[in-house]
Amino acid sequence: MDTNLFELILSDSYIKNQAEKRILALKNYILGGIFIDSKEKKLKEAATDNPKLDLWINSIDKKVLSKITPQNIYSTFEVLEKEIKAIEPLILYLPYELPDEEVAQIGTKLRADYGKKFLMEITIDPSLIAGCALSFRGIYKDYSVKQKITDNKQEILAAFRQYVKH
Amino acid sequence: MPKTLLFEIIALIASLAVAIISLALYLGEYYKRTKEKNAKSGFQTIDATEAKSLNVLYRAIKKAQAIIGNAELAGIKIGAENRLAEKKLEGTFESQLNVARTDLEKEMSSQMNKTYSEYIKFLETLKEQNNQIQAINQEAIKQRANSIFDKFEQNLGTFLTSTEQKSVASIELELRSARQLIETYKTEQIAIIDENIISILERTLALVLAKKIPLKDQVDLVYEALSKAKVEKFIA
């Protein structure tokens with residue numbers, strides 16, 4: 001496996017879905033470079049329909065990409081895809097979408113705690129109100145504000161009743 | 001009496017007839033012996049003797065006939081006397097019978113009157129007894145009716161008391177179950193209200209916090225959750 005390419009892909013891909021898309025986009029880009037003729041290539045300004053992906057592909061060191069040849073492209077990407085698939089992600093349930101910077105920060109922190117190959121998935125669940133819930137290897141744990149309300153339900157209701165009495 | 005006389009007459013006639021017949025037989029036997037004797041001695045004497053004996057026989061027969069005639073006359077006389085006596089007797093008997101009948105009638109009449117009066121007495125006694133028995137029966141029926149009414153009253157009282165108790169018990173049970181139902185409903189409603197309060201709170205917080213909490217605070221909450229998960233070793 002081309003460790004450089006793998007590390008390159010993982011370096012700023014903190015979400016598993018994102019890493020898979022990037023691998024696929026890169027594969028298509030390289031395949032396009034191999035099989036599409038020069039005229040068509042000129043017409044196509046972007047490698048993909050997604051500007052962010054295009055930006056990412058363009059930011060990759062060409063030296064790394066040059067190692068991929070028509071002979072090894074499929075095997076390389078097969079290995080990459082397998083590797084990515086084998087990683088068990090941490091699923092983050094957030095009540096709202098986070099900007100990429102914050103996602104990157106969280107991803108960096110997680111990799112600092114659990115290793116470079118750590119990936120996550122983000123699912124939006126507005127019912128959580130604030131905070132987040134985590135799911136890892138099939139086990140779900142809720143650290144959200146909603147869960148805190150549920151845990152302290154009796155105190156909240158007691159306070160409410162007190163308030164209503166007075 | 002007449003019957004005895006008749007028998008005597010018949011006996012007399014019979015005895016006469018027997019005498020005549022025996023005499024005839026004797027004579028016949030005598031004649032026969034004489035004939036035999038004569039046959040031995042000679043036939044001449046036989047005819048004279050025969051004539052003699054026939055004469056004797058004829059005279060005997062005539063006497064016998066006369067006797068029979070006299071006997072018949074006597075018999076007729078006796079018969080007539082008998083009939084007369086019979087008639088007399090019948091008259092006597094009839095008069096005596098009438099007397100007896102009259103006496104009997106009188107006696108019967110008196111006996112019947114006696115019997116009738118006794119029967120009337122008996123009926124009156126029966127009537128009296130009947131009245132007594134009727135009175136006793138009425139009394140007994142009255143007492144029985146009274147006792148039945150008393151028992152009925154008692155049973156009714158017991159039944160009403162037990163019914164009342166059962167009704168009260170069932171009403172109490174109903175009340176208890178109704179109260180329990182109300183309590184359960186109250187508890188359920190309070191639980192529903194509590195749930196509603198919590199859901200309202202959650203919705204309110206969701207609406208308010210989404211606008212009020214800055215991004216930094218929200219990210220801090222995520223970091224806090226991740227720290228807790230690390231402490232709990234949730235992510236291995």
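The values are calculated or read from the model by the stated rules, or taken from the named source; none is laboratory data. Because the structure is a prediction, the values reported are computed rather than measured. Cβ placement follows ideal geometry from the backbone for every residue including glycine, while neighbour counts extend to all protein chains displayed. Quick note on the areas: whole protein, heavy atoms, side chains included, nothing else; ligands and nucleic acids left out. Shrake-Rupley method; radii C 1.70, N 1.55, O 1.52, S 1.80 Å.
Is it the case that some residue within segment B:137-160 is within 14 Å of another protein chain (Cβ to nearest Cβ) and in a helix (DSSP H, G or I)?
Of the residues in segment B:137-160, the ones within 14 Å of another protein chain (Cβ to nearest Cβ) are none.
No; the residues of segment B:137-160 include none that is within 14 Å of another protein chain (Cβ to nearest Cβ) and in a helix (DSSP H, G or I).
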### Message
Being farther than 26 Å from B:Lys211 by Cα, of a type outside the set (Phe, Trp, Tyr) and open to solvent by less than 30 Å² (accessible area, probe 1.4 Å) is true for just one of A:Leu119, A:Leu55, A:Leu128, A:Leu94. Which residue is that?
### Response
A:Leu119
### Task
Quick one: count up the residues across segment A:67-87 that are open to solvent by 90 Å² or more (accessible area, probe 1.4 Å) and farther than 13 Å from A:Ala19 by Cα.
4
### Query
Can you name the residue in segment B:1-29 that is open to solvent by 100 Å² or more (accessible area, probe 1.4 Å) and at pLDDT below 75 and, of all such residues, is farthest from B:Asp47 (Cα to Cα)?
B:Met1
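Collect the residues in segment B:109-131 that are open to solvent by less than 100 Å² (accessible area, probe 1.4 Å) and of a type outside the set (A, V, I, L, M), keeping them in residue-number order. Let's see the steps before the verdict.
To start, the set of residues in segment B:109-131 that are open to solvent by less than 100 Å² (accessible area, probe 1.4 Å) comprises B:109-111, B:113, B:115, B:117, B:120, B:123, B:125-126, B:129-131.
Result: B:Ser109, B:Ser110, B:Gln111, B:Asn113, B:Thr115, B:Ser117, B:Thr125, B:Gln129, B:Asn130, B:Asn131.
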### Query
Among (1) touching a helix residue (DSSP H, G or I) at 6+ places or on another chain (Cβ under 7 Å); (2) away from chain A (no Cβ under 11 Å), where does B:Val219 come up short?
(2)
### Query
What do you reckon, is A:Lys141 at the interface with another protein chain (Cβ under 10 Å from one of its Cβ atoms) and part of a strand (DSSP E or B)?
yes
### Query
A:Leu134 versus (1) within 7 Å of chain B (Cβ to nearest Cβ); (2) buried (at least 17 other Cβ atoms within 10 Å of the Cβ); (3) in a helix (DSSP H, G or I): which is the lone unmet condition?
(3)
### Message
For segment A:144-166, give me each residue that is facing chain B (nearest Cβ under 9 Å), more than 25 Å from the chain's Cα centre (by Cα) and either open to solvent by less than 60 Å² (accessible area, probe 1.4 Å) or on the phi > 0 side of the Ramachandran plot (or both).
### Response
A:Ile149, A:Lys153, A:Ile156, A:Leu157
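Between B:Lys228, B:Lys166, which is among the basic types (Lys, Arg), under 30 Å from A:Lys117 (Cα atoms) and either open to solvent by 70 Å² or more (accessible area, probe 1.4 Å) or in a helix (DSSP H, G or I) (or both)? Steps first, answer last, please.
On the way: B:Lys166 fails: under 30 Å from A:Lys117 (Cα atoms).
None of the others qualify; the one that does is B:Lys228.
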### Query
How many of the residues in segment B:172-195 are open to solvent by less than 100 Å² (accessible area, probe 1.4 Å) and either within 11 Å of chain A (Cβ to nearest Cβ) or of a type in the set (Val, Ile, Thr) (or both)?
8
### Query
Which residue pairs have Cβ atoms closer than 6 Å, lie 6 or more positions apart in sequence or on different chains, and pair a first residue in segment B:207-236 that is on the phi > 0 side of the Ramachandran plot with a second residue that is at pLDDT below 90?
none
## Note on the structure
Matching residues in segment A:98-111 (within 11 Å of chain B (Cβ to nearest Cβ) and either open to solvent by 70 Å² or more (accessible area, probe 1.4 Å) or free of Cβ contacts under 8 Å to residues at least 12 places away in the same chain (or both)) number 5
### Message
Taking the conditions exactly as written (assigned to a helix (DSSP H, G or I), under 30 Å from B:Ala17 (Cα atoms), open to solvent by less than 100 Å² (accessible area, probe 1.4 Å) and touching a helix residue (DSSP H, G or I) at 6+ places or on another chain (Cβ under 9 Å)), does B:Ala80 satisfy them or not?
### Response
no
### Query
Just to be sure, is B:Ala210 surrounded by 11 or more Cβ atoms within 10 Å (Cβ to Cβ), modelled with pLDDT under 95 and closer than 30 Å to A:Leu128 by Cβ?
yes
## Note on the structure
Log entry, pairs with first residue in segment B:59-76 being farther than 15 Å from B:Ala14 by Cα and in a helix (DSSP H, G or I), second being open to solvent by 50 Å² or more (accessible area, probe 1.4 Å) and among the aliphatic types (A, V, I, L, M), beta carbons closer than 6 Å, six or more apart or on different chains, reads B:Ala60/B:Leu23
### Message
So, A:Ile34, is that one open to solvent by less than 70 Å² (accessible area, probe 1.4 Å), modelled with pLDDT under 80 and either in a helix (DSSP H, G or I) or assigned by TED's automatic domain parsing to the domain that holds A:Phe118 (or both) or not?
### Response
yes
